[in-house]
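Here's the structure we're looking at; comments come further down.
The values are calculated or read from the model by the stated rules, or taken from the named source; none is laboratory data. Just so it is clear, the model here is predicted, and its values are computed rather than measured. Heads up, the Cβs are rebuilt from the backbone with ideal geometry, glycines too, and the neighbour counts pull from every protein chain shown. Ligands, DNA and RNA are excluded from the accessible area calculation, which covers all protein heavy atoms including side chains. Shrake-Rupley method; radii C 1.70, N 1.55, O 1.52, S 1.80 Å.
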Amino acid sequence: MKKESDKKLLSWKEAYNINQKAFSLIYKQYPQMFTSKIVCVVWNALTPYVGIYLSALIIEELSTNRNPATLKNLVLITLISAAIISLVSAFLTKWRDTQCAGMHFKVKQIFTKKLLDMDFVSVDDIKTHEKLSTIEQSQSGGGWGLYRVIGNYESIISAVLTLLGGIALTITLFIKPVPESAGSLTVLNNPLFVIAVIIVMLAVTYISPMLSNKADRYYAYRADSHNLGNRLFSFFGFLGYRQEYAPDVRIYRQDIICDKYNFNKTSIFGSNGIFAKFAKGPMGLYRAASAGVSVIFTGFVYLFVCLKAWAGAFGVGSVTQYISSITKLSGSVSSIIGTVGYMRNNASFLKVVFEFLEIPNTMRQGQLPVDKHNDHSYEIEFKDVSFKYPGSDVYALKNVNMKFKNGERLAVVGENGSGKTTFIKLLCRLYNPTNGIILLNGIDIREYDYLEYMAIFSVVFQDFKLFAFTLGQNVGVKVEYDKELAENCLYKAGFGDRLNTMPYGTETYLYKEFSKTGVDISGGEAQKIALARTLYKGALFIILDEPTAALDPVAESEVYSNFNDIISDKTAIYISHRLSSCRFCDDIAVFHEGVLVQRGSHEQLLADINGKYYELWNAQAQYYV
């Protein structure tokens, strides 16, 4: 335990700094949310003392003078103040709840914004997603991270205000003297006795949350185990709910595999697992001791207050005031100590959050605008380009030299791992070359404004995504889209027949997440929508990565026969494993093990019987002969 805590628990200074940093981050994003919370905390922390004070006055009057007029006024004031407090509380609560609605999505948006702003080289790095997964598991499993920052600051502010209110109503408890007629109980007036009582109260108040914090550290120190258990449960516990897995689960009886994890008593959260052992052992003892100390404190407070009342220092009404206020005072001190402990425990989780949020963007953005030529005369050249992925010693591309101009039809072919997709990523400047340069009209593409350069490309990646928005929004990639243009692109992409059957045309929702009238689409139809999206953008270069992989032979033939009409005067770069689909291209580039080994037309490449293209062509053609 000791060694593990030394590794994971940050110093108090580090914990304070990182919590302040997290607070500033959230406040900057959502100032109204924090303002509403703080106002509610102030109101809820201070208003209970109004009731405590007025109740004490009523009880005091009942036990002494019993003046009907005074009692009537006190009761009336109590009722009116309670009504006002309730109305204001309801208003403030509604304001706070409105501002805090969708807290999960507000926190998630912070990470989403970072991902969208991050260099693709970082987004594509598995370490980035491992870090983000760790953050999400910590949040969902134990509520650690940014979620806890909000609650911690809310608790601190509430506790401090409650403490101030408690002091205001409790201070007279210690300064009101016991009359000399009380005999031996006059010892309660001795300053040393009063100091001793205060020290005991503070000590007991400190011990309770300290023990509770020690119990919580078992979760914090073993967050990795906790996250793993939560991840296993999230997957195997809900596998049967996943529609896309349903056939495999039934055919291969994967529910048996689930049983192994779901009913394993020695698993992380099982009855004989590590956290169960902690709960039965030290963690449970710390919790029990914390609760026991709290009870001891309550008994001590009652004893001290009642002794002073018995000795005649104050009346019975004040007993109610002092016991209530000192209990709240103690609770606030415990809350402060406990929350400070939570903040320190949470600091190690926040450290991971900021490691993710502060991943630097190192890709040069450039400043040159991309020239808009009226004749669309653009030329791209790869000049001695080599590339290896971060952390790898193997080159994915080696010494690639090639040129192509606008209006051409270039097919890129090769076996899996030959470098085709890497070639496209470099062309679109998702990565920078390790060696060599890529030129657009003779200028290094790194000199161009990054967003302007990317705007000249439209890409249908093999793993493209459609969203549960309307069909038109999926094509136009915006809320307000050009309906006529979207329809035209869908017809060009071969989606016209299905579009005519859709109940609301381009306003029909895809899938049913957001609309009961949403429609499901096949893989081939999804691919046509993705192609229409590419056409809608109107970019000069269209890149298609296996654009017909999910189409049936008839639909594929339709796309190829209309390819020139679909692409128009734009440059098309086409990646495919099916070499028969490359025949309509003017130029074919053949990659093998990261090297551009051949280039030419279909007829030229097929004439070289020793070439890679001939080998690949015949490997596929034998099944059609």
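Quick notes
- Under DSSP loop assignment and at most 12 Cβ neighbours within 10 Å, longest GluC sites (Glu not before Pro)-free interval of the chain: 1-357
- Portion, in percent, of the accessible area of the range 271-321 that falls on carbon or sulfur, probe 1.4 Å: 73
- Per-residue ellipticity at 222 nm from helix content only, as computed over the chain with -39500 (n - 2.57) for each DSSP H run of at least four residues, stands at -19500 deg cm²/dmol.
- Semi-axis lengths, Å, the range 195-296, gyration tensor of Cα atoms, sqrt of 5 times eigenvalues: 44, 12, 9
- Calculated Rg and Dmax of the range 131-264 using C-alpha coordinates, Å: 27.2, 90
- Heavy-atom accessible surface of the range 1-121: percent carbon and sulfur, 1.4 Å: 66
- Area of Leu169 that stays accessible when all protein chains are in place (1.4 Å probe, Å², to 10): 30
- Cα shape, the range 255-389, gyration tensor, a/c 1.5 rule: oblate
- Look at the dipole of the range 290-387 built from charges on Cβ: of Val305, Phe354, Ile336, the Cα furthest out on the positive end belongs to Val305.
- Radius 13 Å from Cβ of Asn432, net charge of other residues (Lys, Arg +1; Asp, Glu -1): +1
- Sorting Val204, Val187 on solvent-accessible area from highest to lowest, probe radius 1.4 Å, gives Val187, Val204.
- Candidates Gly476, Asn264, Tyr16 compared by Cα position along the dipole of the chain: farthest toward the positive end lies Tyr16, with charges placed on Cβ.
- DSSP-loop trypsin sites (Lys or Arg not before Pro) across the range 238-320, with at most 15 other Cβ within 10 angstrom: Arg242, Arg253, Lys265
- Of the residues Val187, Ala215, Asn230, the one whose Cα sits farthest toward the positive end of the charge dipole of the range 176-273, with +1 on the Cβ of Lys and Arg and -1 on the Cβ of Asp and Glu, is Asn230.
- Rounded to the nearest 20 debye, the dipole magnitude of the range 304-381 is 1060 debye, with +1 charges on Lys and Arg beta carbons, -1 on Asp and Glu beta carbons, and the Cα centre as origin.
- Local net charge near Ser234, Cβ-Cβ under 13 Å (Lys/Arg +1, Asp/Glu -1): +1
- The amide H of Ile543, built 1.01 Å from its N in the peptide plane, has Ser458, Val459, Val460, Ile573 as neighbours under 5 Å, considering only residues 5 or more places off or on other chains.
- Qualifying chymotrypsin sites (Phe, Trp or Tyr not before Pro) in the range 180-267, DSSP loop, other Cβ atoms within 10 Å at most 16: Phe238, Tyr252, Phe263
- Under the combined filter of DSSP loop state and at most 13 neighbouring Cβ atoms within 10 Å, the range 425-497 retains these trypsin sites (Lys or Arg not before Pro): Lys465, Lys478.
- Taking N as the residue count of the range 417-535, its C-alpha radius of gyration divided by 2.2 N^0.38 Å amounts to 1.29.
- Rg(Cα) / (2.2 N^0.38 Å) computed for the range 22-140, rounded to two decimals: 1.81
- An oblate overall shape is assigned to the range 71-201, the ratio a/c of its alpha-carbon gyration tensor axes (a ≥ b ≥ c) being 1.5 or greater and a/b not exceeding b/c.
- Grouping the Cα pair distances of the chain into 10 Å bins from zero gives a pair-distance distribution of 3, 11, 16, 18, 16, 12, 9, 7, 5, 3, 1, 0, 0 percent in increasing distance order.
- Electrostatic dipole magnitude of the chain [Cβ: Lys, Arg +1; Asp, Glu -1; Cα centre; debye, to 20]: 3220
- Residues with amide H under 5 Å from that of Val519, placed H, sequence gap 5 or more: Tyr509, Leu510, Tyr511
- Solvent-accessible area per residue in the chain equals 52 Å², computed with a 1.4 angstrom probe and all protein chains kept.
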